[in-house]
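Comments concern the structure below.
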Amino acid sequence: MGPGEILFLVLYFGVLLALSFYGGHRYHIAYLYYKHKKEKPQGLIDDNRPLPKVTIQLPVFNERYVVGRLIDHVCKIRYPAELLEIQVLDDSTDDTVELAREAVDRWHAKGVNIVHIHRTNRQGFKAGALQEGMAVAHGEFIAVFDADFIPPVDFLERTLPHFKHDGIGMVQTRWDHINRHYSLLTEAQSILLDGHFMIEHTARNRSGRFFNFNGTAGIWRKTCIQDAGGWEHDTLTEDLDLSYRAQMAGWRFVFLNDLLSPAEIPIEMTAFKTQQHRWAKGSIQVALKILPRILKSDLPRKVKFEAFIHLTSNVAYVMMIVLSLMMPFSLHIRIDHNWYQALLLDLPFFLGATFSVSVFYLISQVEVQKWDKWWQPVVYLPFVLALGIGLAVNNAKATLEALFGHESPFVRTPKLAIEDKQSNLSVRTPYRAGKNLLAYIELGLGLYYTYTVLYCLWAGLFLALPFMLLFQFGFLYTGLMSRFQWSFGHKKPVEAEQ
């Protein structure tokens, strides 16, 4: 074996080791979850203390299919009318403006204190709208709901008591998914989100580490936002940015994993990838902005370590692409030199990087208790793993854009009010996401791994075959869905508005 081949394998195992570091950390998060699982936050009820004024902000942009539903449900939240203010922060450029205004007028006529604030400049995008709304808000506390959410009527009754603890700046509730069973894609997304909310948020919050507001379905103390510097729009994840700045300023957060805020999740692969791109790029932007300050601070080491993992985790997608390109060559080199036994060296790394993910998401499904039988989520786990691999091209691009300072606008995730398979999708083409060249790269990698699967069969590498099939299916599924999801039986999608 020549020095070039040796160097190649060293780099290959280095990438595997780095991925195993991030994957193996999920075992630690799962441990923290079970260690602190029973430490439920308790709100303080003080009947002698007057109820505070609350402002609910509804940032919307071109949400014709869901804006009426959102306003109707928010106006039904139980709270004294004289203490509640609702702001519809509307940056829309289509008929959403008229639809929102009609709903606002209808509820205002019923005695609800609701206002429609329409901007035409979109400066700062969502963060700008929230900041401008806060400047005229009368509430001591500010709740935020995105357009695709259906807030529970007892939201304020169950979140406000937690602010009677000194120093609590924000309370976040857990997302639920109204269209979980719409398709294989929505099932997988639900599992991914359940892992993030139920396991990660609970573990981080209750173990004294930082966690973040998710942009919606949460409520802030107004002075906390102001003390942290307000909403800033120099990253694509203004919620993550503000969360870290607030916690660094000494404010504490609460996560309620038993209070569900239902929402719609994307049914389109391209819309899902748009959302993931924004989250991945934004997290790296926040890491570049905030992480140096965190590491230089006098915060506990456990907080610094978890912040590093949390904010840099999307770098793993870049490593995933490198691994995807290297793995078939690594197999060929070792087979060419009759190093069949050396193939076993990959196993512990793959267990660290992939088995940990399977365990993590299986635990999340056990905890959310959304299944009739324990084995049902197991059926979806291989697809969840494959989807994570298939997203590597999209999220690696987002990560590199952030690292190299490439600017891009805030691109909304289209909401189509698709709650079940009976919903009429064909009329919702104006908000359907457009296609891009990444699909062809994903398809190319899928074909690359089709060759690799055939090579494994020819060489008798049956131990490696399951992993190769995950890569093959993940890239092919993501690429084909991005390119052809609506090619048959539906109108042609148009480019999503930004």
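Straight-distance candidates among the lysines for linking to Lys415, with alpha-carbon spacing under 29 Å and chain neighbours fewer than 8 residues away dropped: Lys76, Lys110, Lys126, Lys222, Lys273, Lys281, Lys370, Lys397, Lys435, Lys491, Lys492. Taking the charge dipole of the stretch 50-310 about its Cα centre, with +1 at Lys and Arg Cβ atoms and -1 at Asp and Glu Cβ atoms, the residue from Phe211, Ala81, Val153 reaching farthest to the positive side is Phe211. 3J(HN,Hα) along the stretch 62-71, derived from phi through the Karplus expression 6.51 cos²θ - 1.76 cosθ + 1.60 where θ = phi - 60°, amounts to 6, 10, 4, 7, 10, 5, x, 4, 4, 4 Hz, with x in place of Gly and Pro. Proximity of backbone amide H atoms, modeled 1.01 Å from N, is registered between Trp175 and Ser261 at under 5 Å, excluding neighbours fewer than 5 places apart on the same chain.
Which residues does a label at Asn121 reach in the stretch 77-97, if reach means a backbone N under 19 Å from a point 7 Å past the Cα toward the Cβ? Output list for this probe position: 89-93. Projecting the alpha carbon convex hull of the chain along each direction and taking the average yields 24.7 nm².
Calculated FRET efficiency, Glu82 to Trp458, Cβ-Cβ distance, R0 = 51 Å: about 0.10 to the nearest 0.05.
Going from the fewest other Cβ atoms within 10 Å to the most, the residues Trp175, Trp371, Trp220 appear in the order Trp371, Trp175, Trp220. Using all pairs of distinct alpha-carbon atoms, the Kirkwood hydrodynamic radius of the stretch 152-211 works out to 13.5 angstrom. In terms of surrounding Cβ atoms within a 10 Å radius of their Cβ, Leu461, Leu156 rank from fewest to most as Leu461, Leu156. Our estimate of slack between Ala249 and Ile6, defined as 0.36 nm per intervening residue step minus the Cα-Cα distance, is 82.6 nm.
Amide H contacts for Ile56 (H built 1.01 Å from N in the peptide plane; partners 5 or more residues away or on another chain; cut-off under 5 Å): Glu85, Ile86, Gln87, Ala143.
Between helix 356-368 and the chain there is an angle of about 30 degrees, using the helix long axis and the longest principal axis of the Cα atoms.
When the charge dipole of the chain is built from unit charges on Cβ atoms (+1 for Lys and Arg, -1 for Asp and Glu) and taken about the Cα centre, the candidate among Ala271, Leu403, Ile309 whose Cα reaches farthest toward its positive end is Ile309. Counting DSSP beta bridges in the chain, what percent are antiparallel, to the nearest 5? Bridges in the chain are about 25 percent antiparallel. Couplings 3J(HN,Hα) of the stretch 439-456, computed from phi: 4, 6, 5, 5, 5, x, 5, x, 5, 4, 7, 4, 4, 5, 4, 4, 5, 4 Hz, in residue order, whole Hz [Karplus 6.51 cos²θ - 1.76 cosθ + 1.60, θ = phi - 60°; x for Gly and Pro]. Taking max minus min of the alpha-carbon positions on each principal axis, the stretch 1-146 gives extents of 80, 45, 27 Å, largest first.
Residues whose amide H comes within less than 5 Å of that of Asp94, counting only those at least five positions distant or on another chain, are Asn62 (H built at 1.01 Å from N in the peptide plane). One Cα centroid belongs to the stretch 215-258, the other to the stretch 58-92; the line between them spans 21 Å. Contact order for the chain, expressed relative to its length and based on alpha carbon pairs under 8 Å spaced 6+ residues apart, stands at 18 percent. Cβ-to-Cβ counts within 10 Å put Lys415, Lys164 in ascending order as Lys164, Lys415, the fewest first. Here the translational diffusion coefficient of the stretch 50-310 follows from Stokes-Einstein with Rh set to the Kirkwood radius across Cα pairs; for 10 °C and 1.306 mPa s it amounts to 84 µm²/s. Couplings 3J(HN,Hα) of the stretch 301-317, computed from phi: 4, 5, 5, 4, 5, 5, 5, 4, 4, 4, 7, 9, 4, 6, 4, 4, 5 Hz, in residue order, whole Hz [Karplus 6.51 cos²θ - 1.76 cosθ + 1.60, θ = phi - 60°; x for Gly and Pro].
Bear in mind that the values in this text are calculations on the coordinates, not laboratory data. Keep in mind that what you see is a predicted model, and the values were worked out from it rather than measured. Don't worry about glycine lacking a Cβ; one is built from the backbone with ideal geometry, like all the others, and counts go over all protein chains shown.
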